[in-house]
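J.: Quick one: structure below, then a few questions.
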Amino acid sequence: MSRIQLINGSSVTQKADAIVNAANRYLAAGGGVCGAIFSMAGMQELTAACSKIKTPLRDGEVAITPAFNITSARYIIHAVGPNFAVTPTAFKELYMAYYNSLLELKNNDLHSISFPLISSGIFGGDLPDPAGESTKQCIRAYKSFVKEYPDYDIDVKLCAFSPREMQSASSVFSLY
């Protein structure tokens, strides 16, 4: 049976088949969760794997690589979330980053996934509640996926890193 849970912690250290990188369109090392993933996986190994993927990816698109030195997961799904400072109404693209990650999970016969709050940090732009909006789009994507693939069980961990993010995410999560 599929399930989704909200966790106050790092998405990078959760035990899952795949962890999600809040990636930039060139799949280059960055800051935040992206920087943590590249550091833990191995900068050289992950950079080399990402350089073999045709970029730039569009907002909402995903790619998969091995997790290399990350022992809690086997794969990294790189999901490009929109930058709301550039595209302030990119809610569909944010939804697609989550939904396409779940499809990539299924397409690789994987069942558990750990998400950060995509586009809730520097890519949150002027959104009044980036963590809440990201939570909402993750839940929408999860519900759509479960409805479309009722016989494919998935275990989704949505991770809010800071106490402030957790507070925002919890208030939205409790509505669903």
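The values are calculated or read from the model by the stated rules, or taken from the named source; none is laboratory data. This one's a predicted model, so the numbers in the text were calculated from it and none came from an experiment. No Cβ is skipped: glycine too gets one built from the backbone with ideal geometry, and neighbour counts run over all protein chains shown. Ligands, DNA and RNA are excluded from the accessible area calculation, which covers all protein heavy atoms including side chains. Shrake-Rupley method; radii C 1.70, N 1.55, O 1.52, S 1.80 Å.
J.: Evaluate the following for Lys106: is it part of a helix (DSSP H, G or I), free of Cβ contacts under 8 Å to residues at least 40 places away in the same chain and more than 21 Å from Gly31 (Cα to Cα)?
T.: In short, no.
J.: Which count do you get for residues in the range 153-176 that are touching a Ser or Thr at 6+ places or on another chain (Cβ under 8 Å) and either outside any loop (DSSP other than H, G, I, E, B) or open to solvent by 30 Å² or more (accessible area, probe 1.4 Å) (or both)? Show your work before the answer.
T.: Initially, the range 153-176 is screened for residues touching a Ser or Thr at 6+ places or on another chain (Cβ under 8 Å), giving 153-161, 165, 168-169, 172-173.
Among the residues that remain, those that are also either outside any loop (DSSP other than H, G, I, E, B) or open to solvent by 30 Å² or more (accessible area, probe 1.4 Å) (or both) are: 153, 155-161, 165, 168-169, 172-173.
Number of matching residues: 13.
J.: Turning to a different aspect of this structure: Looking at this structure, is Ala79 surrounded by 18 or more Cβ atoms within 10 Å (Cβ to Cβ), aliphatic (A, V, I, L, M), assigned to a strand (DSSP E or B) and touching a strand residue (DSSP E or B) at 6+ places or on another chain (Cβ under 8 Å)?
T.: yes
J.: OK, next. Can you spot a residue in the range 48-61 that is open to solvent by less than 60 Å² (accessible area, probe 1.4 Å), modelled with pLDDT of 95 or more, touching an Asp or Glu at 6+ places or on another chain (Cβ under 9 Å) and within 18 Å of Lys157 (Cβ to Cβ)?
T.: Scanning the range 48-61 turns up no residue that is open to solvent by less than 60 Å² (accessible area, probe 1.4 Å), modelled with pLDDT of 95 or more, touching an Asp or Glu at 6+ places or on another chain (Cβ under 9 Å) and within 18 Å of Lys157 (Cβ to Cβ).
J.: Same structure, new question: If Leu27 meets every condition in (1) part of a helix (DSSP H, G or I); (2) under 23 Å from Leu158 (Cα atoms) apart from one, which number is that one?
T.: (1)
J.: Okay, moving on. Under the condition of being under 19 Å from Ser72 (Cβ atoms), touching a Cys at 6+ places or on another chain (Cβ under 8 Å) and among the polar types (S, T, N, Q), which residue from the range 1-47 is most open to solvent (accessible area, probe 1.4 Å)?
T.: The qualifying residue most open to solvent (accessible area, probe 1.4 Å) is Asn8.
J.: Sort out which residues of the range 109-139 are touching a Lys or Arg at 6+ places or on another chain (Cβ under 9 Å) and closer than 22 Å to Ala67 by Cα, and write them in order of number.
T.: The answer is Leu110, Ser112, Ile113, Ser114, Phe115.
J.: When the residues of the range 93-116 are filtered to those that are charged (D, E, K, R) and buried (at least 19 other Cβ atoms within 10 Å of the Cβ), which remaining residue is nearest to Ala22 (Cα to Cα)? Spell out the reasoning first.
T.: Within the range 93-116, the first condition is being charged (D, E, K, R), and the residues that meet it are 93, 104, 106, 109.
Within this subset, residues satisfying the condition of being buried (at least 19 other Cβ atoms within 10 Å of the Cβ) are 93, 104.
Working: Glu93: 13, Glu104: 15 Å.
Step by step, filter the range 93-116, then rank; the result is Glu93.
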